[in-house]
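K.L.:
Have a look at this one.
The values are calculated or read from the model by the stated rules, or taken from the named source; none is laboratory data. Quick caveat: nothing in here was measured; it's all calculated off a predicted structure. Counting neighbours? That spans all protein chains shown, and the Cβs are built from the backbone with ideal geometry, glycine included.
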């Protein structure tokens, strides 16, 4: 068999390389988007490999409860944390249940998907302004952002889904996809109150920025506000009476997490003259900073939005620096030295977050809670501690009450009086305020929950007591 001439072999090899390069050029954006999705997906799996099947934070049980409730309607009946104001996320979870997806896979799989989709949407959003490279940098920064990782660990399911919707509606507004934007207005309002309010505030600034599109901005604002008011008015009214506090990072932590991005912005600030930052991002940044400075309700969670805006500015600065390779040595050394330090801090911070944000409840403890749930009758009420309440909510079928939470209507003063009471009658009267049959459960001691308990609070199993106190006549 004759060998192919070496020259011909080289020509075929060259043509193959050319075809490959042409394919990459034609499909570079799609390949980059797929790469960002895969990178984010794998990164958000890391806690499961490090810490087991339930590695995420405090809110996990509230969302899991929705999936273990009997499936009797579509959408299914609301539960605490997944009310009528979260209609679209409930529909998504119901659809997964209808497909017989296993409970934990449906919960965690959809949640990781929301985070994996975020850098892809950000890439699509920024690509017309920053190019493939700048938009890809933004996607990488958002994947490894310590602020976003904290959001992930806290299990802010609705927030994560609504953040995807927010970027999607910004894309629709920038590209003037009118009807798609209207559909996303409705979906956002029926998914997460805080994100919808941030969107409404951003629309107010866009009304100022886009003078030729003011009627359109008013229409979007009216549609979003009408849908939000229809499902969330009672809660919004309650918020107006007493400002709630959201558990999340504080100012000092946020500034530490953001320091590497601020260094990048300082090093490449000249890029803002060459690259146009989308008006929607500028509006989001202004609104989020104002929201935090005014300490409005749930302002602690607004750092998620300000981080998004900061990531975009940092990506713009980095793209500018990468495009300016012919700098004087002294200037180049200063810039790239600062950036190396910033990148090291950025990756080091997110690494520390992954290692330090461990599960709040061990697998063994969850098994103990599930065992308690199997011992109480249907429709029973379990009184537990505030720290343990989400796990009892998500891994039992009982009605859960905890100080100031769920099926408890007592205020802090009433609880303090109960804990400090020396009168058995007062203790019994307080416990009989809860629906019966009432059980008490904690993985600690009964004193952690009720102080000195009356003798009629009787132990019936490990971690479980029953209230057998007779009601007052």
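K.L.:
With the condition kept exactly as written, say whether any residue in the stretch 61-71 is surrounded by fewer than 16 Cβ atoms within 10 Å (Cβ to Cβ), part of a loop (DSSP other than H, G, I, E, B), touching a helix residue (DSSP H, G or I) at 6+ places or on another chain (Cβ under 7 Å) and modelled with pLDDT under 90.
P.N.:
Yes: one or more hits.
K.L.:
Still on this model: Return only the number of the condition from (1) at positive phi; (2) exposed (fewer than 15 other Cβ atoms within 10 Å of the Cβ); (3) in contact (Cβ under 8 Å) with a residue 60 or more places away in the chain that residue 358 does not satisfy.
P.N.:
(1)
K.L.:
Quick check on the stretch 171-180. Is at least one of its residues touching a helix residue (DSSP H, G or I) at 6+ places or on another chain (Cβ under 6 Å), in a helix (DSSP H, G or I), assigned by TED's automatic domain parsing to the domain that holds residue 206 and farther than 25 Å from residue 229 by Cβ?
P.N.:
yes
K.L.:
Return yes when residue 130 is in the same structural domain as residue 344 (by TED's automatic domain parsing), modelled with pLDDT of 95 or more, under 19 Å from residue 312 (Cα atoms) and out of contact with any strand residue (DSSP E or B) (no Cβ under 6 Å at 6 or more places or on another chain) and no when it is not.
P.N.:
Spelling it out, it is not the case that residue 130 is in the same structural domain as residue 344 (by TED's automatic domain parsing), modelled with pLDDT of 95 or more, under 19 Å from residue 312 (Cα atoms) and out of contact with any strand residue (DSSP E or B) (no Cβ under 6 Å at 6 or more places or on another chain).
K.L.:
May I ask you to say which residue of 277, 282 is at pLDDT below 90, farther than 26 Å from residue 57 by Cβ, outside the structural domain of residue 405 (by TED's automatic domain parsing) and in contact with a helix residue (DSSP H, G or I) (Cβ under 9 Å, 6 or more places away or on another chain)?
P.N.:
The match here is 277.
K.L.:
Can you spot a residue in the stretch 329-352 that is more than 18 Å from residue 465 (Cβ to Cβ) and part of a loop (DSSP other than H, G, I, E, B)?
P.N.:
Checked the stretch 329-352: no residue is more than 18 Å from residue 465 (Cβ to Cβ) and part of a loop (DSSP other than H, G, I, E, B).
K.L.:
Right, something else. Hey, can you tell me all the residues within the stretch 379-411 that are touching a strand residue (DSSP E or B) at 6+ places or on another chain (Cβ under 7 Å), in a loop (DSSP other than H, G, I, E, B) and crowded, with 20+ Cβ neighbours inside 10 Å?
P.N.:
384, 396, 398
K.L.:
Do we have any residue at all in the stretch 231-239 that's at pLDDT 95 or above, buried (at least 19 other Cβ atoms within 10 Å of the Cβ) and over 17 Å from residue 302 (Cβ atoms)?
P.N.:
Checked against the condition, which is being at pLDDT 95 or above, buried (at least 19 other Cβ atoms within 10 Å of the Cβ) and over 17 Å from residue 302 (Cβ atoms), the stretch 231-239 yields no hits at all.
K.L.:
Does residue 10 fit the bill of being at pLDDT below 95 and within 30 Å of residue 110 (Cβ to Cβ)?
P.N.:
Taking the combined requirement at face value, the residue does not satisfy it.
K.L.:
Does the stretch 250-270 hold any residues that are surrounded by 20 or more Cβ atoms within 10 Å (Cβ to Cβ) and not in a helix (DSSP H, G or I), and which are they?
P.N.:
268
K.L.:
Examine the stretch 162-175 for a residue that is more than 23 Å from residue 302 (Cβ to Cβ) and modelled with pLDDT under 95, and state whether such a residue exists.
P.N.:
Yes, the conditions are met somewhere in the stretch 162-175.
K.L.:
Mind listing whichever residues of the stretch 359-369 are part of a helix (DSSP H, G or I) and more than 13 Å from residue 462 (Cβ to Cβ)?
P.N.:
363, 366 - these are the residues of the stretch 359-369 that are part of a helix (DSSP H, G or I) and more than 13 Å from residue 462 (Cβ to Cβ).
K.L.:
Could you pull out the residue among 126, 117, 141 that is surrounded by fewer than 23 Cβ atoms within 10 Å (Cβ to Cβ) and assigned to a helix (DSSP H, G or I)?
P.N.:
117
K.L.:
Okay, moving on. Looking only at the stretch 189-204, decide whether some residue is more than 18 Å from residue 287 (Cβ to Cβ) and in a helix (DSSP H, G or I).
P.N.:
Checked against the condition, which is being more than 18 Å from residue 287 (Cβ to Cβ) and in a helix (DSSP H, G or I), the stretch 189-204 yields no hits at all.
K.L.:
Given (1) more than 23 Å from residue 147 (Cα to Cα); (2) surrounded by fewer than 16 Cβ atoms within 10 Å (Cβ to Cβ), identify the lone condition not met by residue 46.
P.N.:
Among (1) more than 23 Å from residue 147 (Cα to Cα); (2) surrounded by fewer than 16 Cβ atoms within 10 Å (Cβ to Cβ), the lone unmet condition for residue 46 is (1).
K.L.:
So, residue 382, is that one within 18 Å of residue 460 (Cα to Cα) and more than 26 Å from the chain's Cα centre (by Cα) or not?
P.N.:
So residue 382 fits the description; yes.
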